[in-house]
Number of protein chains: 2
Amino acid sequence: MKPKIPVPETLTDQLRRGALMATECPSRDVLKHVTSRWGMLSLIVLLDGTHRFSELRRKIGGVSEKMLAQSLQALEGDGFILRKSLPVVPPHVEYSLTPLGVEVAVQVRQLGDWIELNLSRVLQAHVQRAA
Amino acid sequence: MKPKIPVPETLTDQLRRGALMATECPSRDVLKHVTSRWGMLSLIVLLDGTHRFSELRRKIGGVSEKMLAQSLQALEGDGFILRKSLPVVPPHVEYSLTPLGVEVAVQVRQLGDWIELNLSRVLQAHVQRAA
DNA sequence: GTAAGTACGTACAAAAAGGTAAGTACCCAT
DNA sequence: ATGGGTACTTACCTTTTTGTACGTACTTAC
């Protein structure tokens, strides 16, 4: 007879807690925002402090206004970024990381740093593969 | 007069070394492979040891064969993954991490772990925003 | 013999991401 | 008064990504 293992939590609970390997887990969405090209770079830049919209745009090479705005909104929705709009004209908006945002951003920066530091080794792998 | 700062390396050198904020830097491509949805999850699973293709497919919820193959090939090209094909029929292929791959995978898993562990806090942010 | 599994490649279609250009409403410098 | 900057939004179009379904060549299980 099969030993009956008591189920400590429902599947829904598991998903709420975080189950990246399951398709339907909301963590997949968060992952998408955090690892999106412009999202990642925004988080990294914001670790250096508060920035205005246009400052971010200039620091992040190749980003369009549309995509930057979109990425920032997704991260704001996840509670990673704080948006402070000063009621002046011309517009003045300041973006900064929330405490939660600092935590992810640190993880993201570590990954980004590793890639920057080890790029030459990866490029090595490419040339050896080509040979 | 402006003090002339001697340039220690060319722009090309900087890009080769890794300059994530610059559009044309090859590190952007590596980043893309590593942070791609299926790439990330593959790396994380492979940290647990060697897997066959179909084992990976079953562990990674929602991945199609096509995308899995594609992601694995990209990571293989970057020197992160080793592919060993046994000359038998039916086919038997084993995937594992290279030493370089283990290093990135550790970074990736840390980010993944953070998200899984803190998902509830992010979900909190969403409901508060909705209110 | 019939179905399922193995590790893909390929063709086609759908979906998502991204780029471009324009508009807004007002300020400042030339 | 003309041009540029600010922080976006919207519409439209292109590119990229992803999914679906099928084919392969052969084995094992039923």
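The values are calculated or read from the model by the stated rules, or taken from the named source; none is laboratory data. These numbers come from a predicted model, not from an experiment. When we count neighbours, we look across all protein chains shown, and the Cβ atoms used for this are built from the backbone with ideal geometry, even at glycine. To get the accessible areas, we keep the full protein, side chains included, count just its heavy atoms, and leave off ligands, DNA and RNA. Shrake-Rupley method; radii C 1.70, N 1.55, O 1.52, S 1.80 Å.
Taking region A:86-105 as the search range and keeping residues that are open to solvent by 50 Å² or more (accessible area, probe 1.4 Å) and within 12 Å of the chain's Cα centre (by Cα), which one is nearest to A:SER27 (Cα to Cα)?
Checking each candidate, the answer is A:GLU103.
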Quiz item: Hey, any hits in region A:99-121 for a residue that's in contact with a strand residue (DSSP E or B) (Cβ under 6 Å, 6 or more places away or on another chain) and free of Cβ contacts under 8 Å to residues at least 60 places away in the same chain?
Solution: yes
Quiz item: So A:GLU116 fits all but one of (1) in a helix (DSSP H, G or I); (2) modelled with pLDDT of 95 or more; (3) more than 16 Å from DNA strand C (Cβ to nearest atom); what number is the exception?
Solution: (2)
Quiz item: Residue check, A:PHE53 against (1) modelled with pLDDT under 95; (2) in contact with a Phe, Trp or Tyr (Cβ under 8 Å, 6 or more places away or on another chain), all met but one. Which one?
Solution: (1)
Self-check item: Residue that is among the basic types (Lys, Arg) and open to solvent by 80 Å² or more (accessible area, probe 1.4 Å), where the choices are B:ARG28, B:ARG83
Solution: B:ARG83
Exercise. Among the residues of region A:86-103, write down those that are outside any loop (DSSP other than H, G, I, E, B) and either within 23 Å of B:TRP114 (Cβ to Cβ) or at pLDDT below 95 (or both).
Key: A:LEU86, A:TYR95, A:SER96, A:LEU97, A:PRO99, A:LEU100, A:GLY101, A:VAL102, A:GLU103
Quiz item: Mind checking which residues of region A:20-31 are more than 7 Å from chain B (Cβ to nearest Cβ) and farther than 12 Å from B:SER36 by Cα?
Solution: A:GLU24, A:CYS25, A:ASP29
Quiz item: Of all residues in region A:32-79, which are more than 14 Å from DNA strand C (Cβ to nearest atom), open to solvent by less than 60 Å² (accessible area, probe 1.4 Å), part of a loop (DSSP other than H, G, I, E, B) and more than 8 Å from chain B (Cβ to nearest Cβ)?
Solution: A:LEU47, A:GLY49
Quiz prompt | region A:33-56: number of residues that are acidic (Asp, Glu) and away from DNA strand D (no atom under 11 Å from the Cβ) | solution = 1
Self-check item: Pair list, Cβ < 7 Å and 6+ apart or interchain, from region A:63-74 residues that are of a type in the set (D, E, K, R) to residues that are surrounded by fewer than 20 Cβ atoms within 10 Å (Cβ to Cβ)
Solution: A:GLU65/A:ARG57
Quiz item: Filtering region B:106-131 down to residues that are under 15 Å from A:LEU111 (Cα atoms) and facing chain A (nearest Cβ under 7 Å), which residue is most open to solvent (accessible area, probe 1.4 Å)?
Solution: B:GLN110
